[in-house]
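The values are calculated or read from the model by the stated rules, or taken from the named source; none is laboratory data. Values in this document were obtained by computation on a predicted structure and should not be read as measured data. So basically every Cβ, Gly included, is an ideal-geometry build from the backbone, and we count neighbours across all protein chains shown.
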């Protein structure tokens, strides 16, 4: 089975969507599935207004069609609602091809945090985007139920995993006054980082990540430590060196960073909102409280071994299996020779 995933989020971006797609593709190999990607790397891009570090593609229909032809997919999945997602959705509708989509980002919350736009308008646009999808994949049951309540149809589950070969306990020390309270993610207004940085906590507050709000937060919170964007072993060491992982966001649909912290043996402190509540629930691996300061201090007493055992339940192998089963059930698996229409007999090249 060959699956083509269209996504506006891709390297060099560092976020949960990119990690989810990359890890799913790697784990899918064990299930005899090959995943190819249609990404901004094939097009000219421009900086997103208010977020210069994030670049959006300028896809044009003829090249999108050629790239899809060259991929010869059995099934198509659209991961994002951006320019590439829109272009591939248009192609599929034009050629009456089934496709699935996934809901990764709460754009209504993100847009309303930046612009005077009603959330209801953004939700309406998202419903329209996903309306013709054979299946809309959501990371958690709570998110799936919310989407259904907002008028989304054909919502199914696609759980997430964590790479325990990378994220695990290790000897690591950031050389900072302990306890170390760590936050990892995009440094932007929707992540609610001020709620963390305003807390009166012992030790040191550390932010790992980059984004449009980083410069202003560094000026306003000189006592906090900003380490910038990290990946791989460097990021894994930061997780392992922390005493508590703090997750102040109220807008994330899941929060892969929660699992990465727990797999590193680091307990979580967060608000009792959808993302952390769905990941942690009642498990004794984190403290969810509207008083984030209280949650941070109580999390210091949590067993790091309990965190490890909890994270071990989430594997990318299981996540990839669920994704592939959704594709087969709802997107219509077909042999490659019958998969896609041939639009031209001209030589084809993939940029």
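A few points about this structure:
- Some residue of the range 124-133 being touching a strand residue (DSSP E or B) at 6+ places or on another chain (Cβ under 7 Å) and outside the structural domain of residue 251 (by TED's automatic domain parsing): yes
- Wholly within the range 39-127, strands (runs of 3 or more DSSP E) carrying at least 2 residues that are surrounded by fewer than 19 Cβ atoms within 10 Å (Cβ to Cβ) and within 21 Å of the chain's Cα centre (by Cα): 45-48, 51-57
- All of (1) in contact with a strand residue (DSSP E or B) (Cβ under 8 Å, 6 or more places away or on another chain); (2) surrounded by 17 or more Cβ atoms within 10 Å (Cβ to Cβ); (3) assigned to a helix (DSSP H, G or I) hold for residue 190 with one exception: (1).
One line per residue, one yes/no per condition, for (1) at pLDDT below 95; (2) farther than 30 Å from residue 84 by Cβ:
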site: 132; (1), (2): no, no
site: 143; (1), (2): yes, no
site: 180; (1), (2): no, yes
site: 188; (1), (2): yes, no
site: 201; (1), (2): no, yes
site: 214; (1), (2): no, no
site: 218; (1), (2): no, yes
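- Residues of the range 260-314 that turn out to be over 24 Å from residue 145 (Cβ atoms) and not in a helix (DSSP H, G or I), as a count: 13
- Test for residue 334: is it under 21 Å from residue 29 (Cβ atoms), at pLDDT 95 or above and not assigned by TED's automatic domain parsing to the domain that holds residue 264: no
- For the range 207-230, the set of residues classified as in a loop (DSSP other than H, G, I, E, B), touching a helix residue (DSSP H, G or I) at 6+ places or on another chain (Cβ under 7 Å) and either touching a residue at least 40 places away in the same chain (Cβ under 8 Å) or surrounded by fewer than 18 Cβ atoms within 10 Å (Cβ to Cβ) (or both) consists of 221, 224, 230, listed by residue number.
- Taking the conditions (1) farther than 28 Å from residue 153 by Cα; (2) touching a strand residue (DSSP E or B) at 6+ places or on another chain (Cβ under 9 Å) in turn, residue 75 satisfies each one other than (1).
- Residue within the range 253-263 that is without any contact (Cβ under 8 Å) to a residue 40 or more places away in the chain and either under 19 Å from the mean Cα position of the chain (by Cα) or under 23 Å from residue 21 (Cβ atoms) (or both) present: yes
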